[in-house]
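The values are calculated or read from the model by the stated rules, or taken from the named source; none is laboratory data. Please read all numbers here as calculations on a predicted model, not as lab measurements. Positions of Cβ are backbone-derived with ideal geometry, glycine not excepted, and every protein chain shown enters the neighbour counts.
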Amino acid sequence: MRYAMTWSEAKIAAIHDVAPSVREFTIVPAQGARPYAPGSHLNVEVMIEGRPDHRSYSLVGTGDGTRYRIAVKSHEDSRGGSRYMWGLPVGARLSITEPHNLFALEFGRPEYLLIAGGIGITPIVSMVAALERAHANWRMIYACRSRPDAAFLDHLQGLYGARIETRISDEGHRLDLTGEIAALAPGAQLYLCGPLRMLDAARAAWAQAQRPLADLRFETFASGGLFAPEPFRVKIPRLGIDLEVPVDGSLLDTLEAAGVDVMADCRRGECGLCALDVLEVEGQIDHRDVFLSDHEKEHNEKICACVSRAVGGSITLDTAYRPQATKAA
């Protein structure tokens, strides 16, 4: 694992809706909040159909040493995490980890472009504050479907004015990634948090511009794929398994509930630890991870069980899990 998760108790001190579908939670840890760098996140324990699970939520803004702030979008195709969080009242107790950072901000570059797609604004809020304090050359683009969806937009424009730009599709303004990347100075970095399609487009435009791959920094979220989620069947012939993966549950969750031990870490489609061998597909795979290459996704030999799904039928897999070896050990 990339980091060890140590859980501690906390309570919700305040709840505030920052957009019609985005709710901000102020969380006070029992033992005090720890300092954290821009781009950090918390892991929060949630209950899904009576079973404990966890979700990662980016920390909003800078910490004051007493509390954390996260923002949770209500998703129609939620796997249960956002529904659980939205059902919690002020005063509710929950378990959280200390902050971890997989989306670190590097200082000292000649120029920064930060792009937020929808709820991807959450880690960007702390990044722009840090860059402003460092007197860096930066600007931010907020891309979303409609202005009411733009959580924290008024707050950010009030602080930073014209450096916060918008690309709102309902108003006829769309994000031109190719043009934005072409306008960047040599040595500039792009930080992007948004849905998978936006990330795929950014990576293609970045490669086309022949910019160093290390200067494109990104974080995505697993709610979006190329297809709407639907139930599908998963089969593992060697184990005699034939199960249905529900519309609001992941392939990884379903296998773990059936007693199949699958190695996993990030549960965000980033680390690849839960990638399983694909033997056969009826329909097609909706690859929602950012770990597999385009070539690997095209050949459908692996699937990241934490986020990716099958559509239009079923998928037949094999795993490294050997129950006999487990018993022998």
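Just one of ALA136, ALA183, ALA150 is at pLDDT 95 or above and exposed (fewer than 13 other Cβ atoms within 10 Å of the Cβ); which is it? Quick ask: steps written out before the conclusion?
Numbers: ALA136 fails: exposed (fewer than 13 other Cβ atoms within 10 Å of the Cβ); ALA150 fails: exposed (fewer than 13 other Cβ atoms within 10 Å of the Cβ).
The match here is ALA183.
Tell me whether the range 122-133 contains one or more residues that are in contact with a strand residue (DSSP E or B) (Cβ under 9 Å, 6 or more places away or on another chain), closer than 30 Å to LYS297 by Cα, hydrophobic (A, V, I, L, M, F, W, C) and buried (at least 21 other Cβ atoms within 10 Å of the Cβ).
Step one: of the range 122-133, the residues in contact with a strand residue (DSSP E or B) (Cβ under 9 Å, 6 or more places away or on another chain) are 122-128, 131-132.
When the remaining residues are screened for being closer than 30 Å to LYS297 by Cα, the result is 122-124.
This time we only want the ones that are hydrophobic (A, V, I, L, M, F, W, C), so: 124.
Then drop every residue that is not buried (at least 21 other Cβ atoms within 10 Å of the Cβ), which leaves 124.
Yes, the range 122-133 contains a residue that is in contact with a strand residue (DSSP E or B) (Cβ under 9 Å, 6 or more places away or on another chain), closer than 30 Å to LYS297 by Cα, hydrophobic (A, V, I, L, M, F, W, C) and buried (at least 21 other Cβ atoms within 10 Å of the Cβ).
Mind telling me which of the residues ALA92, ALA30 ends up being in contact (Cβ under 8 Å) with a residue 40 or more places away in the chain and over 22 Å from ARG268 (Cβ atoms)?
Details: ALA30 fails: in contact (Cβ under 8 Å) with a residue 40 or more places away in the chain.
Result of the check over ALA92, ALA30: ALA92.
Starting from the range 33-51, take each residue that is basic (Lys, Arg) and list its partners that are at pLDDT 90 or above, counting only C-beta distances under 8 angstrom and pairs at least six apart or across chains.
ARG34/GLU98; ARG34/PRO99
When you check GLY161 against the structure, is it surrounded by fewer than 16 Cβ atoms within 10 Å (Cβ to Cβ), modelled with pLDDT of 95 or more and not in a loop (DSSP other than H, G, I, E, B), yes or no?
Numbers: surrounded by fewer than 16 Cβ atoms within 10 Å (Cβ to Cβ): yes; modelled with pLDDT of 95 or more: yes; not in a loop (DSSP other than H, G, I, E, B): yes.
Considered against the rule, which asks whether it is surrounded by fewer than 16 Cβ atoms within 10 Å (Cβ to Cβ), modelled with pLDDT of 95 or more and not in a loop (DSSP other than H, G, I, E, B), GLY161 comes out as yes.
Suppose the filter is among the hydrophobic types (A, V, I, L, M, F, W, C), touching a residue at least 12 places away in the same chain (Cβ under 8 Å) and over 30 Å from ASN101 (Cβ atoms); does LEU252 pass it? First the steps, then the outcome.
Numbers: among the hydrophobic types (A, V, I, L, M, F, W, C): yes; touching a residue at least 12 places away in the same chain (Cβ under 8 Å): yes; over 30 Å from ASN101 (Cβ atoms): no.
Taking the combined requirement at face value, the residue does not satisfy it.
Name every residue in the range 301-311 that is free of Cβ contacts under 8 Å to residues at least 60 places away in the same chain and either in contact with a Phe, Trp or Tyr (Cβ under 7 Å, 6 or more places away or on another chain) or not charged (D, E, K, R) (or both), in order of residue number.
ILE303, CYS304, ALA305, listed by residue number.
Among the residues of the range 172-203, what is the count of those that are part of a loop (DSSP other than H, G, I, E, B) and of a type in the set (Lys, Arg)? Even if it seems obvious, please write down each step before you answer.
Filtering the range 172-203 down to residues part of a loop (DSSP other than H, G, I, E, B) leaves 172-176, 183-188, 195.
Cutting the leftovers down to of a type in the set (Lys, Arg) gives us 174.
Of the residues in that region, 1 qualify.
If you check ILE119, ILE141, ILE115, ILE124, which single one turns out to be β-branched (Val, Ile, Thr), modelled with pLDDT under 95 and under 20 Å from the mean Cα position of the chain (by Cα)? Even if it seems obvious, please write down each step before you answer.
Details: ILE141 fails: modelled with pLDDT under 95; ILE115 fails: modelled with pLDDT under 95; ILE124 fails: modelled with pLDDT under 95.
Exactly one of ILE119, ILE141, ILE115, ILE124 is β-branched (Val, Ile, Thr), modelled with pLDDT under 95 and under 20 Å from the mean Cα position of the chain (by Cα), namely ILE119.
Mind checking which residues of the range 231-249 are β-branched (Val, Ile, Thr) and free of Cβ contacts under 8 Å to residues at least 40 places away in the same chain? Walk me through it before giving the result.
Residues of the range 231-249 that are β-branched (Val, Ile, Thr), as a first pass: 234, 236, 241, 245, 247.
ILE241 - this is the single residue of the range 231-249 that is β-branched (Val, Ile, Thr) and free of Cβ contacts under 8 Å to residues at least 40 places away in the same chain.
For the range 10-24, which residues satisfy the criterion of being out of contact with any Ser or Thr (no Cβ under 8 Å at 6 or more places or on another chain), touching a residue at least 12 places away in the same chain (Cβ under 8 Å) and part of a strand (DSSP E or B)? I'd like the intermediate steps shown before the answer.
At the first step, the residues of the range 10-24 found to be out of contact with any Ser or Thr (no Cβ under 8 Å at 6 or more places or on another chain) are 11, 17-20, 24.
Of the ones still in play, those that are also touching a residue at least 12 places away in the same chain (Cβ under 8 Å) are 11, 18-20, 24.
Answer for the range 10-24, where residues must be out of contact with any Ser or Thr (no Cβ under 8 Å at 6 or more places or on another chain), touching a residue at least 12 places away in the same chain (Cβ under 8 Å) and part of a strand (DSSP E or B): LYS11, VAL18, ALA19, GLU24.
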